[in-house]
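Before any comments, here is the structure.
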Amino acid sequence: MAASGSVQVPRVLHFQLIDGMQLQINVSGCSNKRNARVEFQLKNCTRTWILHWGFLYLGNRNWYIPSGEDSSGAKTYKQGALQTPFVKNGDIYVVTIELRDPKIHAIEFLLKDGSQDRWLKLNHGNFRVEVPEYDASNPLPSIPKELIDRKAYLIWESRGRPQSSPEQQKQDYADALTELQNQLRKGISLNELQSSYMNARTKIKAQDDVQPSRPVTPSSYLRRHDVEKWLQRQSKGPNETKAGQSSLALMDLVEKSAGGNNVVSKQNYIVGIYEIVVLSKVLSGDYHIFVALNVRGTAILHWGVSKSSAGEWLAPPSDMLPEKSKMVVGACQTYFTEKTVGGRPFQKRNFVGIQFVIWCGGSWIKNNGGNFFVALQRVLPIRKVTLLYSTRYLAFAIDVWIYKLPMHSEKVSGYSNGIVKWLLDEISQREKEAERSLMHRFNIATELTERCKTEGELGLVGILVWMRLMRCRHLTWNKNYNVKPREISEAQDRFTNLLQRIYLNQPNDREIVRLIVSFVGRGGQGDVGQRIRDEILMVQRNNDCKGGMMEEWHQKLHNNSSPDDVVICEALLNYLRAGFKLDVYWKTLHAHGLTKEKLASYDRPIVSEPFFRMEAKEGLIRDLTMYLKTLKAVHSGVELESAIDSCLAPSLNNQGFATADRVNVYGALSLKLQDCLNFVKTHIGDERIGPLMEKLLESRIEIRPLLLTPHRLAKELLFLDLALASAVRTTMERGLKDLNFANPPEIMFFISLVLESLCLSTVKNEDLIYCTKDWYRASESHKSGDALWALQTKAILDRLQIILSDRAVDLQIKIQPSAEYLGKLLGIGKTTIDTFSEELIRAGSAAVLSMLITRFDPVLRKVANLGCWQVISPVEVSGFVYSVNELITVQNKVYRKPTIIIATRVTGEEEIPDGVVAVLTSDTPDVLSHVSIRARNNLFTRILMNCFSLTCSDIGGSILPLSSLVPSISRRVTLKRKIFCGRYALSLEEFTTETVGSKSCNIKFLRGRVPSWIRIPMSVAIPFGAFETVLSLDVNKDISTKIMFLRKLVNGGDVSKLQEIKGAILQMSVPVSLTTELTSKMKSARMPWPDKGGDDQWNRAWQAIKKVWASKWNERAYISCKKAKLNHEDLRMAVLIQEVICGDYAFVIHTKNPLSGDTSEIYAEIVKGLGETLVGAYPGRAMSFIAKKNNLKSPIVTCYASKKIGLYCKPTIIFRSDSNGEDLEGYAGAGLYDSVLMDEEESMVLDYSNDPMMVNKAFQTSILSKVAEAGKIIETLYGCPQDIEGVVKDGMIYVVQARPQV
């Protein structure tokens, strides 16, 4: 402990070494006065040890040998270090080093056993002692008051945030000043202290005017982090540069130089300063692979072939080697040359791929530390190998006979979502070897993980499934094999080191890697595993317990240690602490699945129960507690205390060390992180979980940047982060019972903590990040009893529920197929496999976040005055109840009795089945989505209700009365077949009801009638009958014949042929006259004609037109016509063509409130981006509002947006379906047919936290009032309620569509 009053402040460091040895280091003096002195003392030492050392200058990592220093007895070791033997001095061994160079910043060292030639390291790295720059006699710099305040706050916080008296607060302030002064005296700069203590954004109180007491409500309820720094978007694969943009220049150069057009595949890699392009082409009937590198000079391709799997590397046959090639062990090396040379003919062979690395500039160019792999597709037999050279790039071309390798999503019968079959098959085949011992299992896992790198995420999923089955004891850990704990530990170490490298180098795979690591112990080299054997002997010897159960356990530990030993040790400790109660011993074992039968089944069985002498109790508790740490260091990677100790120097005796001392021992960690971790260790069992949760999160935030760059504690930090994330979940679960859900600030505080933790654990976390930002905003704007605040906050929760649901489904799809396939091969029980993915999901932070949301949601609904139901289509019905997962799965079914469907999922693409009088769903379709509109306007009036609390158990019988069944029979609806007008294109002035549909006619009606501030886009149209005319042309004769045949099959009941009809339509050729007429009409209307991009852009436009025509045969449209008894043959499809308004928002207005039927109210919904997310019922709710027609300036928001996705596009053209089967009285055809953009829209994750529509009340009122006013004006023009679609762009209102509100 540093003596605070001395002139020269000595520092004392302690390390607990092997075999009971202790190392004490005394540091005195300072480098500034050239009198620094470091004394190393070895205690309990029985052999000769050597100090292997060197010194460091500040900012330099390389060791230097002291010049002119007193190095008596030291010898130079390989010109890079000194070795000084320890000299005996009484009962201890000593080495003393005096340093005179003021630039010396630190000494690094290892300990070498002179008799056994072994080395002692600190966490696989060097020991380090920093030399203080100043001593206590120097005047200290002035310490800013806010720094002292911050330190005093941390001292108070470390005591659990108690209610403090004024005297105690003064004492905290004095202690903070003293500790900061001591740290300055020990060489820590003021800047470093400020950086460590002042970067947290927690609000604290100044203490110059002493406050009477600490606040009861933590000020950190309003905490906020810059979460956008944590943003992790999933990268786009190997054909993208680091910036996410494909490097086209080199790729274009290779393509042009290679010639030909038949490109099979392209890949682009960025490795440091190098860019590598891999291009596969078919040239003159031969298959070529070009590998191009963006350098001049000598380069060598080191390559091999893969015959049976992507993980295989074989030397190529000698008869396929190009010139300038030579065979080395297991590979071929080919030099790039300046001329083209032909290879020799050889027999055709089957290969699945080519593997290679490149030697250039004196080093190897690799793919994330591994090989580059090119999967080959079956094309043609090869005849030669060709080598090409250009002055701008180097290229290698290979022609080979190949068959297609099933990569990432190989389909196996019953597992269509994708598995890596060869990997799972090999795991099954090698399980008999793996069950011999954990050493065998981890060695096999390392090999297979290396081999399946090229399989992408699904390869790691296969390893994950295997490791979890192992960890849950569904697989045998040891069978008839004696293995040393050291060998198990080293095998674990190799496996976990590989996983850590994958975590660092393959960002997209980090979530799966985290899951794998959570099921594997940390392992370690050298004495880490050996201590398991050595220390159990010490426990037995020290406490005289060499027989019975302890000897049986000792034999098991020597034969094959496993994670079960952690449980056995914990059971013994609980037994001792409970006063030798055997029921406590067995209760601990049973809680972790260890029964008498299991203990007796070990190769070295444990059949006896523990029995100890009473006087041995305290010694056994002490020794077994220390031994438990050794076991956990190997087997329990994500156990929190063990994980913290592994990073906070596990060999350090923590007693008697000030913060400044600790930084010298494990200086890789910031002072803040060290303080947080020590707080966590001290308070992990606290009942008040708030401070603990904050420190868990602060620790994770500090660790995050360290995980993303190479670090000497990289693996230990990964295990620590996993342990902290797990502690967030378990602590929150433990504290749920004590939360006051009627106190929103408290609940929002804890939700923010869990949400932040989930952000830190998730790779594709953009949507979570934006929700977190929005959550901060809601937390800071809380007003008790404010209904609008509750609506906004509930919208965030709704969005979070969608995100969590989507993530659960994604994991299920990703993992379950591999679990089912491997589980079947290994004979795992059906229940275990059926719940495999579910149990993984439930074990994460997402599960506890979902629990918090579920409990908080009713509170918000009450404040917002929302009931349990939202009635989208009101009517009184009753019927028999049936439950389905997805409504779309029963849309073709006919129910003979009045039926009420309870559907978990409503996508918006469905038809409501015949006989269904109501649909109840926990999904959230927008009120103005097409499915909701069709529900309100079907032949039999049906109800669509969104239920927020109903479960199937809420329904007592098979009949659910919602009142009486009141069917509303509409009169028969008919279609009038339209005749082609003889022109392929019409201007807006030429629109008539005989040539185009109601969409086009309504646009014509509005243009010139609405005020100038309501803008109507210019339009042209392709009229009714144009499709049938084009289809009848000779150029499309074969397609017409095929469609006619398929239509007969469809009319006969085979609706599966509808898709083939749509595919045939997309093959139609365009007549020149259509192109010419359309060009003329669009140019006359000053609309951009799609010819600026050449033929490709027109081809996209023509394809979009055909997709609109083909949507006549959409399955739900065809079924809807049949249900309404409409003649599908009479349906005609015009195409309305408009320039897309790339707006900020899109809206839909119903000028009569569809929920209440109130004609005095306008109801509207609005979304960010394009309107397809609204009308297409994308997950989440649109923002909705109502406005009284006599008070349009005061719109009332009824729901805030919770959609996570917005659609955006560049300026382009949209082709809208405009059939004669829409907007008919008594028949709702809305959304049955497709509108198609010429250029695809882009999906973006939405950030509402700074959206003016959400945060700026004046802006919101202005826009919503304008939207409502536009609706009222258009309704007045038509004289009846209207359904209006439009766009808001730069505050301007654009109306793109209007129709009667049926």
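Summary of computed values
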quantity	calculated
Links that overshoot a 20 Å alpha carbon limit, given the list Lys88/Lys112; Lys629/Lys681; Lys862/Lys1152; Lys632/Lys737	Lys862/Lys1152; Lys632/Lys737
Cα pair distances in segment 1130-1197, grouped into 5 Å bins until the bin that holds the longest one, percent each	3, 15, 19, 18, 17, 14, 10, 3, 1, 0
Centre separation in Å (Cα based) which lies between segment 1018-1070 and segment 436-455	55 Å
Selected from Val1010, Ser1032, Gly997, residue furthest toward positive end of dipole (segment 997-1062; charges at beta carbon)	Val1010
Point-charge dipole on Cβ atoms (K/R +1, D/E -1) for segment 419-482, about Cα centre, debye to 20	280 debye
Rg/Rg_globular for segment 1060-1191, with Rg_globular taken as 2.2 N^0.38 Å and Rg from C-alpha atoms	1.39
Alpha carbon convex hull of segment 995-1137, volume per residue in cubic angstrom	133 Å³
Relative packing of peptides 225-232, 1178-1185 - highest average C-beta neighbours within 10 Å first	1178-1185, 225-232
Segment 1159-1232 - convex hull of the alpha-carbon atoms, volume per residue in Å³	144 Å³
Burial ranking of peptide ranges 1020-1026, 610-616 (average Cβ count within 10 Å, highest at the top)	1020-1026, 610-616
Estimated vicinal HN-Hα couplings, Hz - segment 460-465 in sequence order (Karplus 6.51, -1.76, 1.60; Gly, Pro = x)	5, 4, x, 5, 4, 4
Sparse-neighbourhood loop sites, GluC sites (Glu not before Pro) in segment 1178-1275 - DSSP loop, at most 14 other Cβ within 10 angstrom	Glu1225, Glu1240
Burial order of peptide ranges 478-489, 456-467 (average beta-carbon count within 10 Å, highest first)	456-467, 478-489
For segment 682-799, alpha-carbon Rg and Dmax in angstrom	15.7, 52
Calculated on alpha-carbon atoms, Rg and Dmax of segment 784-862 in Å	17.4, 58
Placed amide H near Ser1019: partners under 5 Å, 5+ positions off or other chain	Leu988
From phi via Karplus (6.51, -1.76, 1.60), per-residue ³J(HN,Hα) for segment 815-828 in Hz, x at Gly/Pro	9, 4, x, 5, 4, 5, 5, 5, x, 5, 5, 8, x, 6
About the Cα centre, charge dipole magnitude for segment 1175-1274 (Lys/Arg +1, Asp/Glu -1 at Cβ), debye	780 debye
Inter-part distance where segment 700-718 and segment 106-136 are each reduced to a Cα centre, Å	22 Å
Size of electric dipole in segment 805-861: Cβ of Lys, Arg +1 and of Asp, Glu -1, about Cα centre, debye, nearest 20	80 debye
Other-chain or far-sequence residues with amide H under 5 Å of Gly1221's (modelled H)	Arg1132
Cα-based convex hull, segment 457-582, per residue volume (Å³, whole number)	132 Å³
Pairwise label distance in nanometres, Ser784 with Thr1079, each label 7 Å out on the Cα-Cβ vector	7.3 nm
Residues of type aspartates and glutamates that Lys33 reaches as a straight line, Cα spacing below 13 Å, ignoring anything fewer than 8 places off in the same chain	Glu98, Asp101, Glu133, Asp135
Reach of Lys453 by Cα under 12 Å, taken over aspartates and glutamates that are not fewer than 8 positions away in the same chain	Glu312, Asp509
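Values in this text are rule-based calculations from the coordinates and carry no lab data. Everything numeric in this text was worked out from a predicted model, so none of it was measured. FYI the Cβ positions are ideal-geometry reconstructions off the backbone, even for glycines, and counts take in every protein chain you see.
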